[in-house]
Amino acid sequence: MEEYPEELRTPPVSLVALFGYAELHASITKYLHSQQPPINALAFPDFSQISLLLAHDDQISRTSSFRDPLSVSDSASPIPSRCGGILKRDWLLKHRTKVPALVAAFFPSHHIFGDPTQWLQVCSDLDSLKSVIRPKNIKLVVVVVQSSPHEDISDDRLVALRKRAELDSKYVLFFNSSIVSELTLSLSRLASAFAELALSYYREEGRRIKSRIEKRSSNSLDLNVRYCFKVAVYAEFRRDWGEALKFYEDAYHSLHEMIGTSTRLPAIQRLVEIKIIAEQLHFKISTLLLHGGKLIEAVTWFHQHKTSYEKVVGSTEFIFLHWDWMSRQFLVFAELLETSSATGQSLTSSNQGTAEISLTEFEFYPAYYYQLAAHYLKDKKSALELLLSMSEIAQEIDSSSASITPSVYVGQFAQLLEKGEAITLHSITDEEYTRYTISEAKRVQDSLQIIAWLKRSYESFTNLKAQRMAALCAFEVAREYFDLADPNNAKFFFDIAANLYRQEGWVTLLWEVLGYLRECSRNLDALKDFVEFSLEMVALPVTSYENSGNLRNKNYGPGGPATISGRESIHQEVFTLVCREAELLSSTEGSGFKLATDSPLHLEIDLVSPLRPVLLASVAFHDQMIKPHALCSFTLSLLSHLPLPVEIDHLEVQFNQSTCNFVIRNSQRPLWASASNTVKSGSQVENAPLLVLVPNNWLRLTYAIKSEQSGKLECLSVLAKLGPLFTICSRAESPAAMEDLPVWKHENRVESLPTKDPVLAVFGQKATQVDEPEPQVDVSLGASGPALVGEDFAMPIVVTSKGHAVYSGELKINLVDVGGGGLFSPREAEPFSLESHHVEICGIDGAEGNNESESETGSIKKIQQSFGLVSVPYLKEGESWSCKLEIKWHRPKPVMLFVSLGYLPHGSEANTQKVHIHKSLQIEGKMPLLISNRFMLPYRRDHLLLNRIKPAPDSEDVSSLPLNEKSVLVVSAKNCSEIALKLVSMSIEFDDEQGETSCLIQQGGGCGDSPSSANLAPGEEFKKVFTVIPTTRTPKLGLGSIHLKWRREGGNITEAYVSTKHKLPEVNVEASPLVMSLDSPPYAILGEPFTYAVRICNQTQLLQEAKFGLADAQSFVLSGSHSNTVSVLPKSEHVLSYKLVPLTCGEQQLPKITLTSARYAAEFQPSAVASSVFVFPSAPQAEKAISTSK
Amino acid sequence: MIVCVAVVGHQNNPLYIQSFTDADDALKLHHIVHCSLDVIEERVNNPKKSGTTLNEAFLGLLYPTVNYKVYGYLTNTKVKFILVTTDLDVRDTDVRSFFRKFHAAYVDAVSNPFHVPGKKITSRTFAQTVSNIVGSYGLN
């Protein structure tokens, strides 16, 4: 677009000429430029320069006379008449910079309204102006410059001025420059008048030209195009874009009709003229459409423009002219799209194109047009090269075409000749013109232009996320660089294209790109890159057997067509180059690479390398866990997609534990001197009968290795040696996690598994885990059942040496609460537990062992009650040492015992690390005996205890005992552990002396009858009876504690007894106000009467009223009072007596009596046991019973 | 004249490309088919902008090149059919009819129990059927 002149690239603006009053021109010109639309101004200082305007007019007259058909024969004209054209080159520029639309004449006011001499001068100047501008219909404005607003204005003179200038009154303006506000107002009036008159001028001019079109005064298409063009330009001057667009299009269509019909010029030049003017017209149309925001219409117009002219080729011999023109169309439109702001807006429209032409997405972006511009430029370049190669007059072109220059008319060329001082233009023949064009074309660097435009297209497509179009542009750029012998830049852009083709698996396109990359590497003397690109090409899944003829290979890159034979030939070329032997060195010099004989070539293939199809290594361990020093089997599988078999000299399998590395050597291959150096002296060497990679078949090798070190054992890589100087290192992969090869995964072929075992193929891993070695020293904790609260629990700890000796042994012992907290819990502390810890280490006894260990027991250090540190003496291999850990529980809870042994396996080596063995054991602490107790009140003697009737508010669940009465206390001890216990003794002892004076406790049954000891099985219960006689009245009477002596059953007889105390609960001792007793014989005899008496004893100082009731019993005949109310005197006793005769034998219930105390509202009711009596049938039976009782 | 037909998988990998011209055009046609995938992606990702109705398999003219016109067709399984023709006055109805027949042939080919989905189509019957379809439309 920069090639176009500025008057064509920018819209035209109005032009005015200013005469007189030069001091005002600067401000007026500046103000006119700031208008919208702006107005250009030509400044003439005074009226004496009217002749300059006249000079332009002379040129116009000459041009006008030239266009007159009657003046064609005028030989005096410097331009030959037979060289007429369609558009004059300078017409547009002239109307923008030389021919004004109006002239403004500035006169001071005193010249008009003052002296008659000055008035005559004004009239003379006006007459001169009118004579110049009237023939061209240029407008006139007279400006009267006032120095002050108070100057006198003569109406008569003003009227005379208007008549003289032949102007309307509104075009005689007053300009006042003395005051700023007046100046601004004057400038505004001036600009408004200028714009109005300019508009009028351009409208009249357009109408004048338009009338010629309508009259069709001439049938010439040339004139029609010219007239339409002028009308369009005048419309642009008036900012009438619609009319301008219409007439540009009319001109375009008329011009198109001239193809094949015009005979004014020779054939080639005629077509060139038409196409160049069509180009400019289309440029105008596109500019107007795009600046108006009509993107779709602009693209549609371009489509029509391209369609109209792409077949108008002209001479096939000089077809490069056509390609050059086509390229320029696309380039200019691309640049217009880039500079237009309508690109982003119109794409939101849902309607694209018209019903006749369907537009696609890319046609709205500059990238598409840049790409095609480059494409057509390549066609031009090819055509030109072809023409030059066949031309026989190439040498004569430069000299003879030096004087040819563009002619007066657009699209025409002429030859400049000098005859003396005069310069004349002569028309040229087509032959001369073609020589000129060839000469011009040779000077242009087409390749650089192609690269520049393709780069812009590449960048634009990249921004559009059209990566495939971008890759194609990159490929084209790279090819241009390749043709320019610039391998560095070519390689860069080839890589861009290759990456996308690899990713999407477009093998045919990738083959083409890699072919170029090989040649770039060859030219750059980069052997490694050359080999890599070659191997990648060879390993592509090209399965076509087609082989086109040699004549057609010119359409392919250096790699040729993608065929199997092509793969094979490149394969042989590369392996001959890199796997050469010493005797073949001379023959490989021809490949272009000059290498030193000892220069190795090493290729790395990782998981994302494009060379994975060349050598794919899969490693699967047969076991996921192995023991140290044990043989571990694994399968190494190699796969290659090279088209020909490849023989490997040796393989080096590398692990993360380097001691496991080993080499697999091909026994049929010679042992190179350099190969021996690569094999480490300590590496394991295996011989394989055959190491040949067959195409698309797995080479499976199974080996076993031994690992000394624990932890992860992983196969890292497999290094293949091919010849003396070539190695390929492939990263090992697990069959379970092996990715598909991107370029091979879409091929429809039979795929085999890397291992024969399907399980390994699915789950196989290249890594395995080596277990830790078994410890050589054993620490055992001999737990002997749950611990019992109160005893000294013995925990044997045995340290046994199995594999080696023990030096500097040290045992660390820890007691940890299982619940996570400390052993001491303040909230749960109980009064009887005086110790601060619930579980503590009492001591460590090292009783066993040799004499040396006995002497070292003094070094036991007990830091805390829950931590211990013991030194272990030296132990030889096979020896053992033990100690006993004594732990005492004060509360039943579980604890965790941690024992850690740290020792040195070798005492003499200082750098040897200390070995640690950890053991832990959870020990449950349980209560051995569960103590419970209950009270039994006296038999058939009921006491009224007020605490039972109305318990005190602050009293707890406390038993109540009557004062000075004998009660029975039954104490039970239940074995709730899991082992048998031996209860030695059970006794009650008072805690203090006060208890002895306030209570009397005796062992029931006599001491002689009590067993000395009792064996309690798990769950068994032992009971003992005591009698309690409280002698002191107190709410809380302490009865002391139960003392138990016990030990484990079956233990050592010498073991001491365990003594534990269990506190008895306190009791409430109170005096009973009323006591009811039942007196009845121990038995009865059928038919014989006996006395049944109820005694009511009042032990208070008050009179007690008692109400009693006696129920009947069917087994007895009763005599006595059934119900009554009696009064018992203080400190006295009242007796209710009844005579009963039993009627039935056996255990019988006596009549039930109920006694109610009126004062205390308490009711006495004997229990069923107390109210029963046995009835014998006869007296002899009674004799036997008495003897039995005795 | 139909010069090339292609089947492209859902990962934009070529499954079948056949050119019906001399061998020297094969590479250029590969490039054209490959670049047309950009337009297909654009239309699929922006259906409103391109004016294509949803669920419409026929994508219409993808983009014009210098001497060819490229048409696209998208199946429910994201497999793309691409047609490259040198005819400049192609009617949409004819292209739709072609793609419908081509789709039927493709369905027959992938219904083969020995065909692995996602792999290249190597069926000779499919190739013959495609040649017949192309031949019948080339004569029009």
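The values are calculated or read from the model by the stated rules, or taken from the named source; none is laboratory data. The structure presented is a predicted model; accordingly, all values stated were derived computationally and were not measured. All Cβ positions, even for glycine, are placed from backbone atoms using ideal geometry, and neighbour counts span all protein chains on display. Accessible surface areas use protein heavy atoms only, side chains included; no ligands, DNA or RNA. Shrake-Rupley method; radii C 1.70, N 1.55, O 1.52, S 1.80 Å.
What the table shows:
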item: Residue match in region B:8-22 (condition: small (Gly, Ala, Ser), closer than 16 Å to A:ALA562 by Cβ and either facing chain A (nearest Cβ under 7 Å) or open to solvent by less than 20 Å² (accessible area, probe 1.4 Å) (or both)); result: no
item: Matching residues, region A:310-324, being in a helix (DSSP H, G or I) and surrounded by fewer than 21 Cβ atoms within 10 Å (Cβ to Cβ); result: A:TRP323
item: Restricting region A:444-477 to residues that are within 14 Å of chain B (Cβ to nearest Cβ) and not in a helix (DSSP H, G or I), the residue that is modelled with the highest pLDDT; result: A:ALA466
item: Selection count where residues are of a type outside the set (Lys, Arg) and buried (at least 21 other Cβ atoms within 10 Å of the Cβ), scope region A:598-620; result: 10
item: Within region B:115-126, considering residues that are touching a helix residue (DSSP H, G or I) at 6+ places or on another chain (Cβ under 9 Å) and part of a helix (DSSP H, G or I), the one nearest to the other protein chains (Cβ to nearest Cβ); result: B:PHE126
item: Exclusive hit being in contact with a Pro (Cβ under 9 Å, 6 or more places away or on another chain), modelled with pLDDT of 85 or more, open to solvent by 30 Å² or more (accessible area, probe 1.4 Å) and not basic (Lys, Arg), set A:VAL1141, A:VAL1135; result: A:VAL1141
item: Candidates A:THR63, A:THR97 - the one that is within 24 Å of A:TYR4 (Cβ to Cβ) and modelled with pLDDT of 75 or more; result: A:THR97
item: Qualifying residue in region A:146-156 (condition: modelled with pLDDT of 75 or more and out of contact with any Ser or Thr (no Cβ under 7 Å at 6 or more places or on another chain)); result: no
item: Filter result for the condition that a residue is assigned to a helix (DSSP H, G or I), open to solvent by 40 Å² or more (accessible area, probe 1.4 Å), assigned by the TED database to the domain that holds A:LEU197 and out of contact with any Phe, Trp or Tyr (no Cβ under 8 Å at 6 or more places or on another chain), over A:LEU120, A:LEU92; result: A:LEU120
item: Positions within region A:970-990 being under 16 Å from A:LEU788 (Cα atoms) and polar (S, T, N, Q), in sequence order; result: A:ASN975, A:SER977
item: Hits in region A:373-388 - residues which are over 20 Å from A:PHE302 (Cβ atoms) and touching a Phe, Trp or Tyr at 6+ places or on another chain (Cβ under 6 Å); result: A:ALA383, A:LEU384
item: Matching residues, region A:286-317, being modelled with pLDDT of 80 or more, small (Gly, Ala, Ser) and under 28 Å from A:GLU385 (Cα atoms); result: A:SER308
item: Options A:ALA198, A:ALA191; residue that is crowded, with 16+ Cβ neighbours inside 10 Å, closer than 16 Å to A:LYS30 by Cα and modelled with pLDDT of 75 or more; result: A:ALA191
item: Residue list for region A:721-759, filter: crowded, with 20+ Cβ neighbours inside 10 Å and within 14 Å of chain B (Cβ to nearest Cβ); result: A:VAL743, A:HIS746
item: Those residues of region A:174-186 which are at pLDDT 75 or above and open to solvent by less than 20 Å² (accessible area, probe 1.4 Å), in sequence order; result: A:PHE175, A:SER186
item: Output for region A:627-656, where each listed residue is over 30 Å from A:GLY566 (Cα atoms), open to solvent by less than 60 Å² (accessible area, probe 1.4 Å) and modelled with pLDDT under 80; result: A:PRO628, A:GLU652
item: Any helices (runs of 4 or more DSSP H) falling wholly within region A:481-539 and containing at least 1 residues that are within 14 Å of chain B (Cβ to nearest Cβ); result: A:487-504, A:507-523
item: Selection count, region A:1111-1125, where residues are surrounded by 13 or more Cβ atoms within 10 Å (Cβ to Cβ), touching a Phe, Trp or Tyr at 6+ places or on another chain (Cβ under 7 Å) and either in a strand (DSSP E or B) or outside the structural domain of A:VAL1169 (by the TED database) (or both); result: 1
item: Residue check for A:HIS303: in contact with a strand residue (DSSP E or B) (Cβ under 9 Å, 6 or more places away or on another chain), surrounded by fewer than 23 Cβ atoms within 10 Å (Cβ to Cβ) and either farther than 18 Å from A:VAL410 by Cα or not charged (D, E, K, R) (or both); result: yes
item: Failed criterion for B:VAL107 (all others in (1) more than 12 Å from chain A (Cβ to nearest Cβ); (2) touching a residue at least 24 places away in the same chain (Cβ under 8 Å) hold); result: (2)
item: Test: A:SER833 is on the phi < 0 side of the Ramachandran plot, assigned to a loop (DSSP other than H, G, I, E, B) and modelled with pLDDT under 80; result: yes
item: Candidates B:LEU37, B:LEU74 - the one that is open to solvent by less than 30 Å² (accessible area, probe 1.4 Å), at pLDDT 75 or above and within 12 Å of chain A (Cβ to nearest Cβ); result: B:LEU37
